[in-house]
């Protein structure tokens, strides 16, 4: 994996895998809604300066793999992705809000995992070498 980004004060190689489901696991993310959501997620990442590494929209859940600067708080990243995408989709497709009288597309839960291309043992070895130098 190439070095995804840098800020004024840091270079970083951090990747997050974020997954969330639709409310009640309703299978609504297909066809034009799926394409709209992919476009919306791309636009959010572009506006925030995040690098989208991969994205897969399934009928009832979303996987997004992205790199963000280290100063970004993970819960805020997910909150922004879910909140903005829900608002934009509901404005574009108002019928999505009619299921069970709710106007929310996503429940509050989500999954976040980190990914990298080195192991914990590699890091421990590197730190050990630094201490001995």
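Scanning segment 43-59 for residues that are in contact with a strand residue (DSSP E or B) (Cβ under 6 Å, 6 or more places away or on another chain) and surrounded by 13 or more Cβ atoms within 10 Å (Cβ to Cβ) turns up 45, 50, 51, 52, 53, 55. Residue count for segment 1-50 satisfying the condition of being over 15 Å from the mean Cα position of the chain (by Cα), assigned to a helix (DSSP H, G or I) and under 21 Å from residue 79 (Cβ atoms): 4.
Report yes if some residue within segment 96-111 is within 27 Å of residue 7 (Cβ to Cβ) and either part of a helix (DSSP H, G or I) or modelled with pLDDT of 90 or more (or both); otherwise report no. Checked segment 96-111: at least one residue is within 27 Å of residue 7 (Cβ to Cβ) and either part of a helix (DSSP H, G or I) or modelled with pLDDT of 90 or more (or both). Can we say residue 64 is closer than 20 Å to residue 114 by Cβ and touching a strand residue (DSSP E or B) at 6+ places or on another chain (Cβ under 6 Å)? So residue 64 fits the description; yes. If you go through segment 70-78 one residue at a time, do you hit one that is surrounded by fewer than 12 Cβ atoms within 10 Å (Cβ to Cβ) and on the phi > 0 side of the Ramachandran plot? Within segment 70-78 (the criterion being surrounded by fewer than 12 Cβ atoms within 10 Å (Cβ to Cβ) and on the phi > 0 side of the Ramachandran plot), the answer is no, since none of the residues qualifies.
Which residues, counting only those in segment 55-85, are in contact with a helix residue (DSSP H, G or I) (Cβ under 9 Å, 6 or more places away or on another chain) and under 20 Å from residue 104 (Cα atoms)? Of everything in segment 55-85, those that are in contact with a helix residue (DSSP H, G or I) (Cβ under 9 Å, 6 or more places away or on another chain) and under 20 Å from residue 104 (Cα atoms) turn out to be 57, 58, 59, 60, 61, 62, 64, 77, 80, 81, 84, 85. Residues that are within 19 Å of residue 89 (Cα to Cα) and in contact with a helix residue (DSSP H, G or I) (Cβ under 6 Å, 6 or more places away or on another chain) within segment 42-54 comprise just one, 44.
The values are calculated or read from the model by the stated rules, or taken from the named source; none is laboratory data. Note that the structure is predicted; figures quoted are calculated from it, not measured. All Cβ positions, even for glycine, are placed from backbone atoms using ideal geometry, and neighbour counts span all protein chains on display.
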